[in-house]
1. Please specify each residue of the range 116-141 satisfying the condition of being charged (D, E, K, R) and out of contact with any strand residue (DSSP E or B) (no Cβ under 7 Å at 6 or more places or on another chain).
2. Which one of these is modelled with pLDDT of 90 or more, closer than 21 Å to ALA43 by Cα and among the basic types (Lys, Arg): LYS119, LYS169, LYS75, LYS162?
3. Name the single residue, out of those in the range 109-122 being surrounded by fewer than 16 Cβ atoms within 10 Å (Cβ to Cβ) and of a type in the set (A, V, I, L, M, F, W, C), that is farthest from THR56 (Cα to Cα).
4. Can you tell me how many residues in the range 75-85 are open to solvent by less than 20 Å² (accessible area, probe 1.4 Å) and either within 13 Å of ALA167 (Cβ to Cβ) or among the small types (Gly, Ala, Ser) (or both)?
5. So, in the range 18-74, exactly how many residues are assigned to a loop (DSSP other than H, G, I, E, B) and either under 30 Å from TYR150 (Cβ atoms) or open to solvent by less than 70 Å² (accessible area, probe 1.4 Å) (or both)?
6. Condition test on ILE49, is it β-branched (Val, Ile, Thr), over 14 Å from HIS137 (Cα atoms), under 25 Å from the mean Cα position of the chain (by Cα) and modelled with pLDDT of 85 or more?
7. Is it the case that ILE106 is at negative phi, in the same structural domain as PRO134 (by the TED database), open to solvent by less than 50 Å² (accessible area, probe 1.4 Å) and among the hydrophobic types (A, V, I, L, M, F, W, C)?
8. Could you list, in sequence order, the residues of the range 75-96 that are of a type in the set (S, T, N, Q) and assigned to a strand (DSSP E or B)?
Amino acid sequence: MRLSYETAFRLKVLFIVLVFGILIFRIVYYPLLTHKVVPYGVAAPKGQILLLENITLGNYTWENAVDMQGHLILKGNDDYGDSVFLKIQTPGWCADVAFWDGQKFIVSEKCVRELTISKYFFVVTPAFYWYVEPGYHLIFYKPEGNPEKYELINFTVTYGEKIDWGAFKVAYGKS
């Protein structure tokens with residue numbers, strides 16, 4: 001059985017329209033239908049090398065410490081409560097939380113290995129990245145002895161039922 005020229009042409013056009021329809025669906029609609037929310041987690045640090053510094057904030061001083069105020073970045077857009085739980089896994093390390101109250105720096109947590117941080121400690125961008133709010137400082141340091149060069153510091157961050165890890169290595173700057 002032979003198809004007429006008109007019928008064969010219509011089938012070819014129908015086939016081309018069908019192929020383009022599937023391509024448009026895959027490119028435009030499929031990502032919209034399968035969109036997943038931004039998963040919660042630690043975006044940084046994930047193994048970066050951070051330089052140890054001598055930090056002074058008002059009347060407080062830390063030697064060979066790391067201020068996470070430019071390094072700790074979380075991601076996520078779900079609301080699991082008002083606080084984030086941070087736990088330092090590496091023995092010998094602890095953290096202080098300092099903030100500017102408008103007139104002076106106040107250290108609210110001193111040498112803690114587990115701390116609960118308000119989610120308002122972070123600025124959340126439209127891309128759902130959480131940065132430490134200006135004026136707040138999360139300072140990691142080793143109170144006993146000097147850190148080893150390239151010592152690895154591990155920590156976990158929990159927000160609701162979501163848990164993720166972060167890590168960084170410390171190094172001394174050039175003398």
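1. Result: no residue meets the conditions.
2. Only one candidate passes the filter, namely LYS169.
3. Selected residue: VAL112.
4. Residues in the range 75-85 being open to solvent by less than 20 Å² (accessible area, probe 1.4 Å) and either within 13 Å of ALA167 (Cβ to Cβ) or among the small types (Gly, Ala, Ser) (or both): 1 in total.
5. Here the count works out to 8.
6. Yes.
7. no
8. Of all residues in the range 75-96, those of a type in the set (S, T, N, Q) come to 77, 83, 89-90.
Residue satisfying the conditions is SER83 alone.
The values are calculated or read from the model by the stated rules, or taken from the named source; none is laboratory data. Note that the structure is predicted; figures quoted are calculated from it, not measured. Using ideal geometry, Cβ is built from the backbone for each residue, glycine included, and neighbour counts are taken over all protein chains shown. Surface accessibility is based on the protein's heavy atoms, side chains included, excluding ligands, DNA and RNA. Shrake-Rupley method; radii C 1.70, N 1.55, O 1.52, S 1.80 Å.
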